[in-house]
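Worksheet for the structure shown next.
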Amino acid sequence: MALAAFGYRPEENGYIKNEPDRSVTQGARRVAVIGAGAWGTTLALHASRQGLAVSLWARRPELASRLAETRENADFLPGQKLPPSMVITSDPAEAVGGADYVIWVVPSHAFRAAARLILPKAKPGAVHLSASKGIEDETFSTMTAILSEESGGAVAGGTLSGPSFAKEVASGLPTAVTVAFECQETARRVQTLLSAPVFRLYTSADVRGVELGGALKNVYAIAAGISDGLNLGLNARAALITRGINEMSRLAGVMGAHPLTLSGLSGVGDLILTATGDLSRNRKVGFRLGSGETLPDILSGSHEVAEGVRNAKSVWGLAQSKGVSLPTAREVYRVLYEGKSPRQGLVDLLTRRLKEEHPAELLSRVQP
């Protein structure tokens, strides 16, 4: 397939440019990306292709030095060259000083520490966008909540989420995601700034729903991977994905999210990708568990973060605190943290008490 037809020119490592909306982009051209994993590096590369001045912050000085010297993130994004114009640093002040937009792509367990380090150096009035997917273990806070807490309420951050494997985005393959801010003007500014012919952004005002969809789907991707590792077939995988959406919507609704959000890119779309795609780290963890490997062995052999492993604990804790029934998330938690066998977990899930798919009283309320 000729990617140029979608607006991507691999030989130039950039995009066929659409004429930008000057009323949105003028005077706001500096972007700082916090986190140099696969997704952070990809978003920094994408922003550079948009013609923005980009800095990429890596926590470890040795990683920042290596990336700056080789212009390639060989561990997380091999084969993609980083442009000479991109500043790569481990110095927080150098990374965010003067940046109009700060994009956070830090694992959920390290997010608060990074926020405490980076926020004091950020430009007042900068737009903060979380592209991290997770829920903090101890507090059950989302990433935008952490930004608000650590800034004393000064930052009303947004979130970017949806079906988006870093490798495909970096390669210029067509991708669609959602960007959510409570302020729709800010959402449209980010949409205009980052949209490209091969990277389409939709806006939303439901920050909580978009953020929860990105965090919750990781747990259900592990469940689907376990099913595949046990060779239970495509019917079982489809059932797990569908019931996963039901559970995600149930918890998100209790948390104040709109149910329509979970039926969109950041809910159904991201879950389908993560639960079925061979590039999914969470699916791989589940598949290897279902195939008989132990979790310590799986985790010790990978430098990539499978957020679903940590999120299984925080999601299950959050569900218990809210009194929400999440049978699939419960079994994933027990497999990961209580030593339950993957096969027994799925057997217990499939042999629960029979019930309605949707309560009759609920269906009667939505009928025309």
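Conditions (1) of a type in the set (A, V, I, L, M); (2) assigned to a helix (DSSP H, G or I), marked per residue:
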site: Leu63; (1), (2): yes, yes
site: Ala68; (1), (2): yes, yes
site: Ser85; (1), (2): no, no
site: Val102; (1), (2): yes, no
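Note on segment 302-321: residues that are of a type outside the set (D, E, K, R), surrounded by fewer than 21 Cβ atoms within 10 Å (Cβ to Cβ) and more than 17 Å from Ala38 (Cβ to Cβ) total 4.
Going by what's in this entry, would Leu232 be described as touching a strand residue (DSSP E or B) at 6+ places or on another chain (Cβ under 8 Å), outside any helix (DSSP H, G or I), surrounded by fewer than 23 Cβ atoms within 10 Å (Cβ to Cβ) and of a type outside the set (Ser, Thr, Tyr)? Here the answer is no, as Leu232 does not meet what is asked.
Does Ala223 satisfy the condition of being more than 20 Å from Gly264 (Cα to Cα), in the same structural domain as Leu349 (by TED's automatic domain parsing) and crowded, with 22+ Cβ neighbours inside 10 Å?
It is true that Ala223 is more than 20 Å from Gly264 (Cα to Cα), in the same structural domain as Leu349 (by TED's automatic domain parsing) and crowded, with 22+ Cβ neighbours inside 10 Å.
Only a single item in (1) of a type in the set (Gly, Ala, Ser); (2) under 13 Å from the mean Cα position of the chain (by Cα); (3) at pLDDT 95 or above is not met by Gly134, and it is number (3). In segment 270-285, the count of residues that are crowded, with 23+ Cβ neighbours inside 10 Å, out of contact with any Pro (no Cβ under 8 Å at 6 or more places or on another chain) and more than 30 Å from Glu182 (Cα to Cα) is one or more.
For segment 50-66, the candidate set comprises residues that are touching a strand residue (DSSP E or B) at 6+ places or on another chain (Cβ under 6 Å) and crowded, with 22+ Cβ neighbours inside 10 Å; within that set, the residue that is nearest to Leu193 (Cα to Cα) is Val54.
Is it the case that Thr144 is touching a residue at least 60 places away in the same chain (Cβ under 8 Å) and outside any strand (DSSP E or B)? Spelling it out, Thr144 is indeed touching a residue at least 60 places away in the same chain (Cβ under 8 Å) and outside any strand (DSSP E or B). Among the candidates Glu150, Glu168, the residue that is within 22 Å of Glu304 (Cβ to Cβ) and of a type in the set (Asp, Glu) is uniquely Glu168.
Each residue in segment 120-131 was checked for being more than 15 Å from the chain's Cα centre (by Cα) and either at pLDDT below 95 or in a loop (DSSP other than H, G, I, E, B) (or both), and 5 pass.
For segment 178-201, state whether one or more residues are within 24 Å of Tyr333 (Cα to Cα), outside any strand (DSSP E or B) and not assigned by TED's automatic domain parsing to the domain that holds Val309.
Checked segment 178-201: no residue is within 24 Å of Tyr333 (Cα to Cα), outside any strand (DSSP E or B) and not assigned by TED's automatic domain parsing to the domain that holds Val309.
The values are calculated or read from the model by the stated rules, or taken from the named source; none is laboratory data. What you are looking at is a predicted structure, and each value in this text was computed from that prediction instead of being measured. Note: ideal-geometry Cβ built from the backbone for every residue, glycine included; neighbour counts use all protein chains shown.
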